[in-house]
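Visitor: What follows is a single structure, and I will ask about it in a moment.
Bear in mind that the values in this text are calculations on the coordinates, not laboratory data. These figures come from a predicted structure and were not determined experimentally. Cβ placement follows ideal geometry from the backbone for every residue including glycine, while neighbour counts extend to all protein chains displayed.
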Amino acid sequence: MDKPTLLRGMLLVIAAAFIGCGPPGSVKEEVIEVKEQQASAQAVQLLENYAKGQALGSEVTTFPMLITNVRKEDPFRADILEKGLAELQKSKGGMKAKAKEILANMAPQQRAPE
């Protein structure tokens with residue numbers, strides 16, 4: 001490659017770099033707040049995955065912490081979750097049905113008006 005062609009190429013690259021940066025202060029900064037998912041919502045998501053056929057994986061090591069966190073929100077549902085997850089770990093088959101059963105048991109119950 002001759003020097004004039006190389007020089008033009010370098011000038012093009014430099015010009016493109018400056019143009020691509022845009023004028024200073026043109027980038028709009030925005031703060032996005034991400035809310036932490038409640039433990040009960042995490043448990044439901046996990047059970048929904050199992051109900052769709054996902055196999056148990058390394059997440060079983062987090063079950064005790066998940067149950068503890070759900071217990072802080074709702075002790076009754078934590079008991080259901082604890083028992084259900086233990087049964088899921090022991091089961092050899094029928095995980096989909098068991099996960100659906102646990103989900104149904106954890107669902108908020110409707111009460112008749114007083």
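Visitor: Once the other residues with Cβ under 12 Å from the Cβ of Gln38 are scored (Lys, Arg +1; Asp, Glu -1), what is the net sum? Kindly include the intermediate steps, with their values, before the conclusion.
Guide: Working: positive: Lys35, Lys72, Arg77; negative: Glu36, Glu73, Asp74.
Around Gln38, the surrounding residues sum to 0.
Visitor: Same structure again: Across segment 39-106, how many lysine pairs separated by 8 or more positions, or lying on different chains, have Cα atoms within less than 22 Å?
Guide: 14
Visitor: Give me the three principal axis extents of segment 39-106 from the C-alpha atoms, as integers in angstrom, largest value leading.
Guide: Cα spread of segment 39-106 along its principal axes, largest to smallest: 31, 24, 18 Å.
Visitor: Residues of segment 37-77 with amide nitrogen under 19 Å from the 7 Å Cα-to-Cβ point of Lys90?
Guide: In segment 37-77, the label zone of Lys90 (backbone N under 19 Å from the point 7 Å along Cα→Cβ) covers 56-57, 60-61, 63-64, 67.
Visitor: A further question on this structure: Give me the percent relative contact order of segment 39-106, please, defined on Cα pairs under 8 angstrom at least 6 residues apart.
Guide: Computed value for segment 39-106: 45 percent relative contact order.
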